[in-house]
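One structure below.
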Amino acid sequence: MIEIIWLGHGTFQLKLESGEIVLIDPWINGNPKSPQGFKIDHIDTMLITHGHFDHVADAVQLAKKFKPKVIANFEICAWLETKGVQNTGGMNKGGSQTAGSLKVTMTHALHSSGIQDGTSMLYGGEAAGFILHFADGSKAYFAGDTSVFSDMALYRELYAPDLAFLPIGDHYTMDPRQAALAARLIGAKTVIPVHFGTFPILTGTPAELADLVKADGVHVWELQPGTAVRW
Ligand code: NI
Ligand code: MN
């Protein structure tokens, strides 16, 4: 059993069976959908999919405060280290590593990953996603920001994730129509939609996705920011 708390947009806190806290794509300050009054008081593992501000804005501050293992691509980890973050685990697509009881595999994503640092845009490697391998054998696919791509079928063949976190907002990522195809390619029976509604431009809705995947028997699990659910 894993506790999942959506912190708005693409940010999630997971509490593993072991009690370990995993924070994914930390964007708290300035996140319009960040739940009011939510306090992060501990982080064991931080995962970062790519370098855009809405996925790393609070990474340096939180990593320095709570000293988690920080897992991201090699370039983002190198940048974090220049900011004084320790205990990074830079990796690349296809690779896996273990942090506590969680194993992660870095997947492809069709997106960009520049890091805004002051007035400069730094090279942030390539955008990625993660397969999360939990201690009980269940697996989730955390797509990160991405378009749909046919290699999601390979991740189904390799890992058969039970749950998928998919962006649906459009404009910067896939829209509900692409997400419906992504759900089919990855084969997950439950989809948590993310990266929508934060700004008016992110127009995709969970209802649209639910309509499109109904025939496939896929459950669209719409979370409320700040409300813990169990999976
Ligand atoms: Ni992005
Ligand atoms: Mn984004």
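Brief remarks follow.
- Candidates per trypsin sites (Lys or Arg not before Pro) in region 64-163, loop by DSSP, up to 16 other Cβ within 10 Å: 83, 93
- Per-residue ³J(HN,Hα) for region 88-93, Karplus 6.51 cos²θ - 1.76 cosθ + 1.60, θ = phi - 60°, Hz, x for Gly and Pro: 8, x, x, 8, 8, 4
- Using the rule -39500 (n - 2.57) for each DSSP H run of four or more residues, divided by the residues of the chain, the 222 nm mean residue ellipticity is -5500 deg cm²/dmol.
- The lysine pair count for the chain, using Cα distances under 12 Å and pairs eight or more places apart or on different chains, is 4.
- In order along region 152-169, the phi-based Karplus estimate (6.51 cos²θ - 1.76 cosθ + 1.60, θ = phi - 60°) of 3J(HN,Hα) comes to 4, 5, 5, 5, 5, 5, 6, 10, 6, x, 7, 10, 10, 9, 10, x, 9, x Hz; Gly and Pro are listed as x.
- A straight chain from residue 199 to residue 151 at 0.36 nm per residue would run longer than the Cα-Cα distance by 14.4 nm.
- Local electrostatic count, residue 14, Cβ distance below 9 Å [Lys/Arg +1, Asp/Glu -1]: -1
- Close amide-amide hydrogen proximity is noted between residue 116 and 53, 122, each under 5 Å apart and 5 or more residues distant or on a separate chain (H modeled in the peptide plane; Pro and chain starts excluded).
- Dimensionless Rg/Rh of region 3-220 - Kirkwood Rh, Rg from C-alpha atoms: 0.94
- The string of couplings for region 136-146 from the Karplus curve (6.51, -1.76, 1.60, θ = phi - 60°) is 7, x, 6, 9, 10, 10, 9, 6, x, 7, 6 Hz, one whole number per residue in order, with x for Gly and Pro.
- For region 60-138, applying the loop criterion from DSSP together with a ceiling of 16 other beta carbons within 10 Å to the GluC sites (Glu not before Pro) yields no site.
- Amide H partners (placed H, <5 Å) of residue 194, local residues excluded: 166, 168
- Charge tally in the Cβ shell below 10 Å around residue 163, where Lys, Arg are +1 and Asp, Glu are -1, residue 163 excluded: +1
- The length gained by stretching the chain between residue 162 and residue 116 to full extension, at 0.36 nm per residue less their Cα-Cα distance, is 13.1 nm.
- GluC sites (Glu not before Pro) within region 1-62, DSSP loop, no more than 16 other Cβ atoms inside 10 Å: 17
- If the segment from residue 65 to residue 83 were pulled out straight at 0.36 nm per residue, it would be longer than the present Cα-Cα gap by 5.2 nm.
- In the chain, the DSSP beta bridges split such that about 60 percent are antiparallel, to the nearest 5.
- Peptides 26-39, 159-172 ranked from most to least packed give 159-172, 26-39, packing being the mean of other C-beta atoms within 10 angstrom over each peptide's residues.
Every number in this text was worked out from the coordinates using simple rules, so none of it is lab data. Remember, it's a predicted structure, so these values are computed and weren't measured experimentally. Ideal geometry is used to build each Cβ from the backbone, glycine not excepted, and the neighbour counts take in all protein chains shown.
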